[in-house]
Amino acid sequence: MVEPFAAVDVIKAKRDRRALSPQQIDWVVDAYTRGVVADEQMSALAMAILLNGMTDEEIVRWTTAMIGTGTRMDFSSVPRPTVDKHSTGGVGDKITLPLVPVVVACGAAVPQLSGRGLGHTGGTLDKLESIPGWRASLSNDEMMAALREVGGVICGAGAELAPADKKLYALRDVTGTVESIPLIASSIMSKKIAEGADGLVLDVKTGSGAFTTDPAQSRILAETMVRIGNDAGVTTRALITAMDVPLGLAVGNALEVTESVEVLAGGGPADVVELTVLFAREMLNLAGIVDADPAETLKDGSAMDVWRRMVRAQGGDPDAPLLTAREHEVVHATVDGVVTKMDAMGVGVASWRLGAGRARQQDPVSAGAGILLHAKPGDEVVAGQPLLTLFTDDEDRFEGAKEALTGAVQVGPVGTPIYRLPLVIDRIT
Ligand code: URA
């Protein structure tokens with residue numbers, strides 16, 4: 001086959017701040033997936049995109065080209081409206097776990113293709129795998145059967161879903177080119193559009209524990225993704241939410257499943273419940289379901305019933321005890337006062353160092369490792385009171401975790417002003 005372009009010309013165009021033509025974009029994405037454009041050429045192009053950006057037209061075309069390298073799923077045989085949610089990721093962000101059963105209990109279907117964690121943020125599949133027997137990997141037929149019979153499924157994406165993104169994301173990870181809004185937006189949206197739900201609600205996190213730490217950047221990312229989704233015929237909305245402090249009181253795989261089950265049982269931390277109900281309302285609204293009350297499904301047990309059916313449909317035992325870590329250590333307050341800081345990034349890195357996260361895609365994670373928070377910013381504490389409990393399978397890991405927490409958790413005199421982002425910062429439609 002004669003290639004219509006040379007990779008070096010495409011790289012030079014972006015290096016020199018010119019917009020790529022639709023034909024150049026279609027070709028370079030496809031040729032990279034075929035192995036014709038080499039990793040070093042795509043690295044140079046990704047860096048040029050990171051430095052010089054892309055126009056809206058380029059971003060939409062890049063996303064479409066990535067979708068075109070694989071297959072799109074088709075849920076037209078599912079007898080309910082399909083709607084999905086995606087979070088850009090954060091520390092203690094387990095919202096998907098209670099959210100999917102709530103939305104299903106209210107009448108929509110949720111096909112959720114999730115990922116694994118890399119770095120300080122956890123992955124939904126890693127969390128669910130702490131349930132004995134639960135399987136992330138489903139065939140298309142199994143996924144469709146779970147959707148028809150239960151209404152909700154959370155599983156890993158197959159190799160045929162936007163393969164260009166799989167290859168490019170791994171390359172960006174090792175070339176310092178993850179933090180580009182056009183590349184993040186097209187990466188997330190290519191997978192979500194290929195997944196084929198009718199509607200999509202995005203949770204774009206902002207703050208120290210998020211991809212974009214500055215609310216203005218998060219807003220640009222949210223607006224870009226909403227535009228891409230709507231352009232592709234998937235009705236898309238975004239909420240920009242706080243990730244300066246971990247969500248809830250549990251960080252780590254099994255610990256977060258336990259907290260999610262508490263929420264499904266009608267309890268759980270207020271911030272996790274609030275976000276679950278808020279996102280459920282947004283998703284149901286997109287699905288055209290106006291007469292359901294998501295908060296009620298947490299109180300009356302109907303969301304819990306769906307959760308149990310979802311876990312069983314994927315081979316898990318909802319009654320089995322979750323794996324726990326072998327060792328634990330409590331961090332105490334050393335003075336009386338008020339918690340002034342509980343930095344999401346510091347807690348996320350500490351949890352990761354305890355074994356809850358992975359450094360490389362192929363590394364295993366510990367189900368029981370993580371951190372329980374006993375206080376959050378604004379809570380008054382006395383000297384000697386537990387602030388955090390650290391869990392790990394390997395006691396040599398405590399030292400590194402405590403180092404990451406130095407300065408990340410602070411107690412000051414009562415009355416010290418506390419700066420926290422509001423839980424929900426903005427809504428983009
Ligand atoms: N998540 C993705 O799927 N892609 C990115 O580029 C960043 C986060």
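Inside the range 62-107, can you point out the residues that are buried (at least 23 other Cβ atoms within 10 Å of the Cβ) and farther than 21 Å from Ile188 by Cβ?
Residues satisfying the conditions are Pro98, Pro101, Val102, Val104, Ala105, Cys106.
Can you tell me which of (1) more than 16 Å from the ligand (Cβ to nearest atom); (2) touching a helix residue (DSSP H, G or I) at 6+ places or on another chain (Cβ under 9 Å); (3) more than 23 Å from Val204 (Cβ to Cβ) is the one Leu45 doesn't meet?
(1)
With respect to Asp126, determine if the residue is surrounded by 22 or more Cβ atoms within 10 Å (Cβ to Cβ) and within 13 Å of the ligand (Cβ to nearest atom).
no
Take the range 243-267 and flag every residue that is farther than 21 Å from Glu129 by Cβ and out of contact with any strand residue (DSSP E or B) (no Cβ under 9 Å at 6 or more places or on another chain).
Selection gives Ala265, Gly266, Gly267.
Working only within the range 277-307, note down all residues that are under 19 Å from Ile131 (Cβ atoms) and buried (at least 18 other Cβ atoms within 10 Å of the Cβ).
Within the range 277-307, Ala303, Met304, Val306, Trp307 qualify.
What's the total number of residues in the range 24-48 that are among the polar types (S, T, N, Q) and touching a Lys or Arg at 6+ places or on another chain (Cβ under 7 Å)?
1
Against the conditions (1) in a strand (DSSP E or B); (2) under 30 Å from Val204 (Cβ atoms), where does Val411 fall short? Just the number, please.
(2)
Any idea which of Arg80, Arg72 is away from the ligand (no atom under 16 Å from the Cβ), in contact with a strand residue (DSSP E or B) (Cβ under 8 Å, 6 or more places away or on another chain) and either aromatic (Phe, Trp, Tyr) or in a loop (DSSP other than H, G, I, E, B) (or both)?
Arg80
Could you list all residues from the range 140-161 that are at pLDDT below 90 and either within 17 Å of the chain's Cα centre (by Cα) or of a type in the set (S, T, N, Q) (or both)?
Asn140, Ala157
Residues to consider are Val29, Val103; find the one that is assigned to a helix (DSSP H, G or I), touching a Gly at 6+ places or on another chain (Cβ under 9 Å) and closer than 30 Å to Ala295 by Cβ.
Exactly one of Val29, Val103 is assigned to a helix (DSSP H, G or I), touching a Gly at 6+ places or on another chain (Cβ under 9 Å) and closer than 30 Å to Ala295 by Cβ, namely Val103.
Out of (1) of a type in the set (Asp, Glu); (2) surrounded by fewer than 15 Cβ atoms within 10 Å (Cβ to Cβ); (3) not assigned by TED's automatic domain parsing to the domain that holds Leu128, the odd one out for Asp343 is which?
Asp343 satisfies all of (1) of a type in the set (Asp, Glu); (2) surrounded by fewer than 15 Cβ atoms within 10 Å (Cβ to Cβ); (3) not assigned by TED's automatic domain parsing to the domain that holds Leu128 except (2).
Determine whether Asp305 is touching a helix residue (DSSP H, G or I) at 6+ places or on another chain (Cβ under 8 Å), touching a residue at least 24 places away in the same chain (Cβ under 8 Å) and over 26 Å from Leu221 (Cα atoms).
In short, yes.
Restricting attention to the range 243-252, does a residue exist that is within 16 Å of the ligand (Cβ to nearest atom), aliphatic (A, V, I, L, M), at pLDDT 95 or above and part of a loop (DSSP other than H, G, I, E, B)?
Scanning the range 243-252, I find at least one residue that is within 16 Å of the ligand (Cβ to nearest atom), aliphatic (A, V, I, L, M), at pLDDT 95 or above and part of a loop (DSSP other than H, G, I, E, B), so the answer is yes.
The values are calculated or read from the model by the stated rules, or taken from the named source; none is laboratory data. The model shown is predicted, which means the values in this text are computed figures rather than measured ones. Heads up, the Cβs are rebuilt from the backbone with ideal geometry, glycines too, and the neighbour counts pull from every protein chain shown.
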